[in-house]
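The values are calculated or read from the model by the stated rules, or taken from the named source; none is laboratory data. Since the structure is predicted, the reported quantities are computational estimates derived from the model, not experimental observations. Every residue, glycine as well, gets a Cβ built from its backbone with ideal geometry; the counts of neighbours run over all protein chains shown. Note: areas computed on protein heavy atoms with side chains; ligands, DNA, RNA excluded. Shrake-Rupley method; radii C 1.70, N 1.55, O 1.52, S 1.80 Å.
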Amino acid sequence: MTSELVTVRGLNLSFGNVRALRDVDMSLAEGEITAIVGDNGAGKSTLVRCLCGVHRADSGEIVFDGRTVSFSSPEEARHAGIETVHQNLALVEDLTVWQNLFLNRELTKGFGPLQVLDRKGMRRQAEEMVSALAVNVPAVGARVRRLSGGQRQAVAICRAAGFSSRLVIMDEPTAALGVQETERVETLIRSLREDGHAVLLISHNFDQVMRLADQVWVMRSGRCVAGRRTAETSAAEIVSLITGALAA
Amino acid sequence: MTAATRQATANQAPDTPASPGWKRFLPESGRWAEWAAPTGLVALVIVFTALNPGFLGYGNVQAMLAASAILIILSVGQTFTVATGGIDLSVASTMTFSAIMFGVGFGAGWHIALCCLLAVASGLAFGALQGAIIGYGRITDFIVTLGGLSMASGLALVVSDGQPQTVVDRFMLRLSTGSIGPVGYMVLAALVIAVLAHVLLFHTRFGTHVLAAGGSAEAATATGIDVRRIKLAVYTLSGTLAGMAAILLVARIGAAEPAANTQFLLNAVAAVVLGGVALAGGRATIAGPVFGALLLTALTNGLTSLGVSQYYQPVAVGAVVVLAAFVSRYQK
Ligand SMILES: Nc1ncnc2c1ncn2[C@@H]1O[C@H](COP(=O)(O)OP(=O)(O)OP(=O)(O)O)[C@@H](O)[C@H]1O
Ligand SMILES: [Mg+2]
């Protein structure tokens, strides 16, 4: 059994009257792809936003890499090694690919307070990041506005994979993609695991979850109702866990 | 990286052919708006020179450059606020207020350097106050700076009691009349500020974060950029530059006057729009608005030299701005 990278215990979060998370317990292991499935509004994105510092839970505990953490901003989570590819992508369309890859991680050169951007260095490293993950983008100098949905997704994943992140969180990374683009992104996700990143994947595509994930958690109306090893379950069982036809 | 993914890379040959070297010098499609101002400036110069051969004379060029200095500085400040998707409607009033504070220092017999410092500090403080309300108070830029416009011009009247303060000083006189060739010290100051602003926008982390915050506040926040701080910073910068412009204004007029200076606000926004800066934020250049400011100054000067009544000039400025916006939209 591999060691646990993240452990979530008794997490609660309400938005006004909506109890988005209720006593959520789950965990994910180092070097694995862990999936979260569940219907629309089940609380998957909310859980993920607690992990990456966007939301703060009302109560409960998140242990990351052996330490209890409480991130007050995405910046802190990124600093700890948690990178996120959000459901709505979070790229700046008017900036170039390399500017997006290095957003708020810019390389600079100079002395003391007189720091200027190392534009050349960032471009070069961006080329390396993109080619290391076999990402198909026209050029790192192209503005993101000109990229297709799949290419944007690849850039977002590429950014998450860079900067020696321990955990890469992806919220429905293939939701808007065609068959070929989906296949490419899945290849990317596998290569992240091969490179030693833990991946937390949210997906509505059960076949994809069965193909990629090592572990799957099922959420239903704010609760994490079941956890299974993918090797020991079937798409049919997952579906019945999601709908509640099968009690955990 | 696995052999499989490497294979995938090989199969995905880049679909854009390498463009020939000279193509890099042409604007990428959709960026023509950034060329509207320089193109328009050249066109205006040709037209006015044809109508009045004296237009490009040494003396007139010198006068035009001198007249553009204040507008260039205000437009540069405005560019940063517009780049974040905001707008600073208070620039001209902040300048007036700073000029009055300059006069207060001068009237009290302060050293001229201290008067300059007071003017800049006043602009900085007023800009920072607005930036803090916009960023941390989460009130729309438009409303806060509209209120700021009214407050700053009101404060200028209150502090000065509506009276101008004459400023006679050797340093200020040299600032307004001295020059290197046809380039006066005031224009020189404006150009130095523009170059520094260009470096700030394109060669520092701050500049990238300004464009990111304007392009998508959500995306910027997700990478940990503090958009509130960016707002605070750009309005502080705009106020500071308005304070610097105030020094030039006092030097030019020879007095600190509580005048409204509305035309400067309109022209500063117009220069930014002419310069191809997206009002929605996220895209900006410094060169564009600088050319925009030069264009507007050339327009005013050319009309005056042709004997067109001053009353028509705001009409012409307004028409040019709307035309520029129309052209850049049509080209998309
Ligand atoms: N910022 C917010 N403010 C108020 N309510 C919210 C907020 N974010 C989420 N919710 C609510 O919390 C619940 C869980 O939402 P969440 O986005 O986590 O669902 P999800 O499982 O990601 O769904 P989907 O599959 O559609 O993405 C929903 O009822 C939603 O309306
Ligand atoms: Mg979601």
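What nm distance separates the two modelled labels at B:T304 and A:R145, each placed 7 Å from Cα along Cα→Cβ?
3.7
Can you pull the semi-axes for chain A, root of five times each eigenvalue of the Cα gyration tensor, sorted largest first, whole Å? All intermediate terms of the calculation are to be shown ahead of the outcome.
On the way: eigenvalues 199, 89, 50 Å².
In descending order the semi-axes read 32, 21, 16 Å.
Two-decimal Rg/Rh of region A:109-248 from alpha-carbon positions, Kirkwood Rh? Spell out each step's value before the answer.
On the way: Rg = 18.6 Å, Rh = 17.2 Å.
For region A:109-248, the value is 1.08.
Kindly state, to the nearest 0.05, the FRET efficiency for B:I46 paired with B:Y312, given R0 = 25 Å and r defined as their beta-carbon distance.
Calculated transfer efficiency: 0.75.
Scaled to the compact-protein estimate 2.2 N^0.38 Å, what is the alpha-carbon radius of gyration of chain B, rounded to two decimal places? Write down the numbers at each step before the final one.
Values: Rg = 21.8 Å, N = 332, 2.2 N^0.38 = 20.0 Å.
In units of the 2.2 N^0.38 Å rule of thumb, it is 1.09.
Please give the per residue accessible area of region B:65-183, computed with a probe of 1.4 Å over protein heavy atoms only, in Å². Spell out each step's value before the answer.
Numbers: 4900 Å² over 119 residues.
Counting only protein heavy atoms, the per-residue value for region B:65-183 is 41 Å².
Could you work out the Rg to Rh ratio of region A:163-218, with Rh taken as the Kirkwood radius (inverse of the mean 1/r over all Cα pairs)? Numbers along the way, then the final one.
Details: Rg = 11.0 Å, Rh = 11.7 Å.
Computed over Cα atoms, the ratio is 0.94.
Which of the peptides B:312-319, B:247-254 is most tightly packed, and how do the rest follow, judged by the mean count of other Cβ atoms within 10 Å per residue?
Numbers: B:312-319: 14.0, B:247-254: 22.4.
Taking the mean over residues of other Cβ atoms within 10 Å, the ranking is B:247-254, B:312-319.
Averaged over peptide B:210-217, how many Cβ atoms belonging to another chain are found within 10 Å of each residue's Cβ?
Working: counts 0, 4, 8, 1, 2, 10, 9, 1.
For this peptide, the per-residue mean of nearby foreign Cβ atoms is 4.
Can you give the Rg/Rh ratio of region B:139-228, where Rg is from the C-alpha atoms and Rh is the Kirkwood radius? Spell out each step's value before the answer.
On the way: Rg = 19.9 Å, Rh = 17.3 Å.
A ratio of 1.15.
Over region A:1-53, average the accessible area per residue using a 1.4 Å probe and give it in Å², no decimals.
Ligands and nucleic acids excluded, the result is 39 Å² per residue.
With only alpha-carbon atoms counted, please give the Rg and Dmax of region A:26-97, in Å.
That works out to 13.5, 40 Å for Rg and Dmax.
Take every residue in peptide A:102-109, count the Cβ atoms of other chains within 10 Å of its Cβ, and give the average of those counts.
Working: counts 3, 10, 11, 3, 6, 1, 3, 0.
That average works out to 5.
Can you give the log10 of the normalised intensity I(q)/I(0) at q = 0.11, 0.17, 0.18 Å⁻¹, computed with Debye over equal Cα scatterers of region B:82-213?
Each listed q corresponds, in turn, to -0.51, -1.08, -1.15.
Let me have the 222 nm mean residue ellipticity of chain A computed from DSSP H runs of 4+ only, each contributing -39500 (n - 2.57), with the sum over all residues rounded to the nearest 500. Don't skip to the answer; put the middle values down first.
Working: 8 runs with 79 residues, N = 248.
Theoretical 222 nm ellipticity from helices: -9500 deg cm²/dmol.
Over the alpha-carbon set of region A:54-153, work out the extent along each principal axis and list the three values in angstrom, largest first.
Here the spans come out as 45, 40, 24 Å, largest first.
Could you give the spread of the C-alpha atoms of region B:118-174 along their three principal axes, from largest to smallest, in whole angstroms?
Cα spread of region B:118-174 along its principal axes, largest to smallest: 45, 23, 14 Å.
At 20 °C and 1.002 mPa s, what whole-number value in µm²/s does Stokes-Einstein give for the translational diffusion of the protein assembly as shown, with Rh from the Kirkwood sum over Cα pairs?
80
May I ask you to compute the full-extension gain from A:R105 to A:H79, defined as 0.36 nm times their residue separation minus their alpha-carbon distance, rounded to one decimal in nm? Please list the in-between numbers first.
Values: separation 26, 0.36 × 26 = 9.36 nm, distance 1.02 nm.
Full-extension gain reported as 8.3 nm.
Could you give the nm distance between label points at A:R67 and A:L246, where each point is 7 Å from its Cα heading toward the beta carbon?
Taking the simple label geometry, A:R67 and A:L246 are separated by 4.0 nm.
When chain B is modelled as a GNM with alpha-carbon springs shorter than 10 Å, which of B:S179, B:S98, B:S238 fluctuates the most?
B:S179
In Å², nearest 100, what accessible area do chains B and A bury in total when the solvent probe is 1.4 Å?
For B against A, buried area totals roughly 2600 Å².
Spin-label point model (7 Å from Cα, Cβ direction): what's the B:D169 to B:A260 distance in nm?
So the label points at B:D169 and B:A260 sit 2.9 nm apart.
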